[in-house]
1. Cut-off is 10 Å between beta-carbons; in what order do LEU177, LEU61, LEU193 appear when sorted fewest neighbours first?
2. Over 24 Å between C-alpha atoms is what I'm after, so list which of LYS91/LYS298; LYS109/LYS275; LYS109/LYS298; LYS147/LYS303; LYS91/LYS290; LYS91/LYS281 land there.
3. List the GluC sites (Glu not before Pro) within segment 173-267 that fall in a DSSP loop (any state other than H, G, I, E or B) and whose Cβ has at most 11 other Cβ atoms within 10 Å.
4. Using the number of other C-beta atoms within 10 angstrom as an exposure proxy, rank THR185, THR222, THR212 with the fewest first.
5. Tell me which of ASN300, PRO288, GLN273 sits at the most positive position along the dipole axis of segment 270-311, charges placed on C-beta atoms (Lys, Arg +1; Asp, Glu -1).
6. Would you mind ranking ILE194, ILE164 by Cβ crowding within 10 Å, fewest neighbours first?
7. Could you work out how far the C-alpha centroid of segment 153-186 sits from that of segment 218-254, in angstrom?
Amino acid sequence: MQLSPFGDEEGSRRRLSLLAGDPQISYQRRGAQWEVRDGPPIAEAEEPIDGDQARLIRAELRIVDSASITPYDPLRDVPEALFAFEAFGEKVWLNGVAWNDGLIHETIKFHERYGPLVRNESLTAPPVPVPVLSHWLEACRMALAFKCYQSLRPEEAHLRPNVIVLIVESFLWDLALLPSEQAATRQLQENRLIEWSQYQTRYDDADQGSYTRRASVWLNQTINLCLEGFGVRSQVAYSPPSSWFSSYVAPTLGGALWGQLAGFVIEGSTVKQCKYELCQKRFPAQNPRKEYCSDFCKENRKKRERRKRGM
């Protein structure tokens, strides 16, 4: 059985710089039934004028049936979660981070299939409600990080103006949700917002060096902050007979997703779609000419071609 679209299991763990079998990850949970409910009221002074926006800020995901919860390894069992999460983030951006029944349904299905981004401290702890907006904004951040990484390639330079716009919007959202008592963090975010807003007005697509420097710094800061926020730690690992490699240990699904993205960036991988018609999964490829996510799909594609030719 193929456990990962990135090849054999051991190779996957190395290429993604993650220890998928670490016991801390095995406490992740999936399989529960979730629903979205209206959360606690917002303070009157902070109530948005737009009713749908207020509804989105209040909305919470809650477990309504936990009978089918099972522990699982978020990399070995469902490694496609990263691409599902990134694709969902793009939909949220396109929708303008506004209430949408279709996106609410997708949010519930994501939690039922993969589980929450942050787990409880133990399997016996009561399930903690998940704010819908925090899940959506994390998905947006992941989608933007993917897009930013993609835009650093000269052949993807057409993405850069949109990436700049989305980075500015991400700072605005972060500031809108940041507690007022976090003055130092707010000041830092405001300074970054001003810097990127000014750069947006004078962006010149001929000046590739300036964009590459700024976008690389943003991507570096974003990945590091998210790794830290999800409790990911780095360590050295050993694989007999004589292989050493660095790895991350991710105790949550959110940390595992950001750890995978960090691995892509470090290796300079591109995201491609498997050419085998019955697979078509997205996968990271260090070789841009690679067309299949695995040898399994490559061989099956050849067999289908031979059958079509009557051989």
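1. On the way: LEU177 12, LEU61 24, LEU193 18.
With the fewest neighbours first, LEU177, LEU61, LEU193 line up as LEU177, LEU193, LEU61.
2. Pairs exceeding the cut-off: LYS91/LYS298; LYS109/LYS275; LYS109/LYS298; LYS147/LYS303; LYS91/LYS290.
3. On the way: sites: GLU181, GLU190, GLU195, GLU228, GLU267; in loops: GLU181.
In loop regions of segment 173-267 (DSSP not H, G, I, E or B), the sparsely surrounded GluC sites (Glu not before Pro) are GLU181.
4. On the way: THR185 13, THR222 19, THR212 16.
The order, fewest Cβ neighbours first, is THR185, THR212, THR222.
5. ASN300
6. Working: ILE194 12, ILE164 22.
The order, fewest Cβ neighbours first, is ILE194, ILE164.
7. 24 Å
Only the coordinates and a few stated rules stand behind these numbers; no lab work does. The structure displayed is predicted, hence computed values, not measured ones. Don't worry about glycine lacking a Cβ; one is built from the backbone with ideal geometry, like all the others, and counts go over all protein chains shown.
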